[in-house]
Amino acid sequence: MRPQAPGHSQLDQLVMALFGRRKSTIGLDVGSGLIKVAVIDHSRGEPELARVVVTPLLADAIVEGEVMDPGIVTDAIRMALEQCGLKSRDVVTAVGGRDVIIKKIQIERVKEQQARELMRWEAEQHVPFDMESVELDFQILDPEGSGVDMSVLLVAAKRELIESKIRLLSDAGARAAMVDVDAFALHNAFEVNHPDAMSGVVGLINVGHEVTNINILDDGVPILTRDITVGTRRFREDLQRERGLGADEAEALLQGYDRSPHLDAVIEGRGEEIAVGIERAAAFLASSSRSASQMRSVFLCGGGARVPGLAEALGRRLRVPVELANPLANIRVREGALDGLVTDEIAPLLMLPIGLALRKAA
Ligand SMILES: Nc1ncnc2c1ncn2[C@@H]1O[C@H](COP(=O)(O)OP(=O)(O)OP(=O)(O)O)[C@@H](O)[C@H]1O
Ligand SMILES: [Mg+2]
C-alpha cells in the first residue's frame, strides 16, 4: 500500500508547529445592527475567505457605538464565534468614532526611532485629547523620500475606548490579538479589492445601521475619517414615521432591489445629510492640505449601501461617480464560506470584517 500523503490539515499543523504561525485570522466587527465575523486563511499564498458569520443584535444593545447592554452583546459575539467553527478565540477587532483621530502631518525627515520620540510632541499639537489617556501610532508615508520634510500618518485613540473593547471581548470569552482602527481596516479590504481606486482623492463611505463612516483616501492613503449618525435605522424610522410603513415593510424596502416613491422620499433628506458630510470632509481636507484636489469618485459599502436609489442620489448631488464597493471582488472565497447567506446581499456589509481578517495576527 502506498503511504498516504499528509492531508492539508496535518501539513498545516506541522507548519504551524515548526514556525508557530497561525494560519487563520478571525476578524470581528461588532456593529450596532449586525455582528460580523470573517475568517481568512493565510496559509496558502493568497488570502482565502474561509467563513463568514453574521448575527443580528437586538435593537438598542449598542447605540451610537456605545454598548448599552453588555450581556446581549457578549452573548451575540460568543454565538457568532462558536458558529465559525474554529477553536481559537483570538480575534482582530477595531475601534472607531470620535475618540479616534487620524491626521496626516509633515515633520522634519528623521529616522523611525526618532520619529517615535517626536510623535508625542506632534500629537499634542494636532490631537485634541489629553495625552495621558491616549494611544498613539504612526506611519511614515514616504520612507524612501529625500526631501527635508516627510509625511506621517498619525493616529490617536483614547485608551479607554481600546480598553473597553478588549474587556467586551474578554467577557465574551475572546481575546483581542490586535485592535485595529475602523478606517484602516476598511481601507485594507478596499485596497485589495479596488486597486484602481488608489489614485487621486476618493471617498469610501460605509453606511451602517446607525453610523456612516466617511473615509477619504488621497492616492490610496486614508488621510481622513469622520462619522455621522445616519444609517439604515434612520432610513427605516423615516419610512415608518413619514410614510406610514410598518417596520418589517420598511426594512424589506431598504434591503430590496427596487426603487420606490417611499424610498425616494426618505433618501432625499438622509442622502442630503450623507452628501453634506462627504462635502464637509472633502472641504476640510482641501483647506488643510496642499495636495488635496477634487474628489474623483465615491465608493459605498455597509448595509446602507444597498438602499435602492441611494448611490444614484449621492452621485447626482455630489456630481461624481458613485459605485458599490465589493470586498469579494479580488478575494478567493472557499466553497461554503458564505453558506446560509446570499452573496450579493451580504458582500457590501463585509468590507470591515474582511479588512480585519486580512491582518496576519502573529
Ligand atoms: N443582507 C442583509 N442582511 C441584514 N441586513 C441588511 C442586509 N442588507 C442590508 N441590511 C441593512 O443593513 C444594516 C446593517 O448594516 P451594517 O452591518 O453595515 O451595519 P452595522 O455595522 O451593524 O452598524 P454600525 O456600523 O452603524 O454600528 C441592517 O440593519 C439592515 O438595515
Ligand atoms: Mg458597521
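The values are calculated or read from the model by the stated rules, or taken from the named source; none is laboratory data. This is a predicted model, so every value here is computed, not measured. Note that we place each Cβ from the backbone using ideal geometry, even for glycine, and neighbour counts take in every protein chain shown. Surface areas here come from the heavy atoms of the whole protein model, side chains and all, with no ligands, DNA or RNA. Shrake-Rupley method; radii C 1.70, N 1.55, O 1.52, S 1.80 Å.
Below, the figures for the structure above:
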quantity: Residue in region 50-62 that is under 30 Å from A286 (Cβ atoms), open to solvent by 50 Å² or more (accessible area, probe 1.4 Å) and within 16 Å of ligand 2 (Cβ to nearest atom) present; calculated: no
quantity: Helices (runs of 4 or more DSSP H) enclosed by region 284-362 - at least 2 residues per element that are open to solvent by less than 30 Å² (accessible area, probe 1.4 Å); calculated: 310-318, 351-357
quantity: Residue in region 240-254 that is free of Cβ contacts under 8 Å to residues at least 40 places away in the same chain, farther than 21 Å from P327 by Cβ and either within 15 Å of ligand 2 (Cβ to nearest atom) or in contact with an Asp or Glu (Cβ under 6 Å, 6 or more places away or on another chain) (or both) present; calculated: no
quantity: Some residue of region 78-100 being aliphatic (A, V, I, L, M), surrounded by fewer than 21 Cβ atoms within 10 Å (Cβ to Cβ), part of a helix (DSSP H, G or I) and at pLDDT 95 or above; calculated: yes
quantity: Scope region 197-225; condition within 14 Å of ligand 1 (Cβ to nearest atom) and either open to solvent by less than 40 Å² (accessible area, probe 1.4 Å) or under 18 Å from A283 (Cα atoms) (or both); matching residues; calculated: L204, I205, N206, V207, G208, E210, V211, T212, N213, I214, N215, T225
quantity: Any pair with Cβ under 6 angstrom, 6 or more apart, that starts in region 25-46 at a residue that is closer than 21 Å to G304 by Cα and ends at one that is modelled with pLDDT under 95 and away from ligand 2 (no atom under 16 Å from the Cβ); calculated: V37/C84
quantity: All positions within region 263-283 that are touching a Gly at 6+ places or on another chain (Cβ under 8 Å) and within 19 Å of S293 (Cβ to Cβ); calculated: I278, A281, A282
quantity: Residues that are closer than 24 Å to V179 by Cα and not in a helix (DSSP H, G or I), drawn from region 108-150; calculated: V127, P128, F129, D130, V134, E135, L136, D137, F138, Q139, I140, L141
quantity: Those residues of region 152-196 which are in contact with a Leu (Cβ under 7 Å, 6 or more places away or on another chain), surrounded by fewer than 19 Cβ atoms within 10 Å (Cβ to Cβ) and assigned to a strand (DSSP E or B), in sequence order; calculated: L153, R175
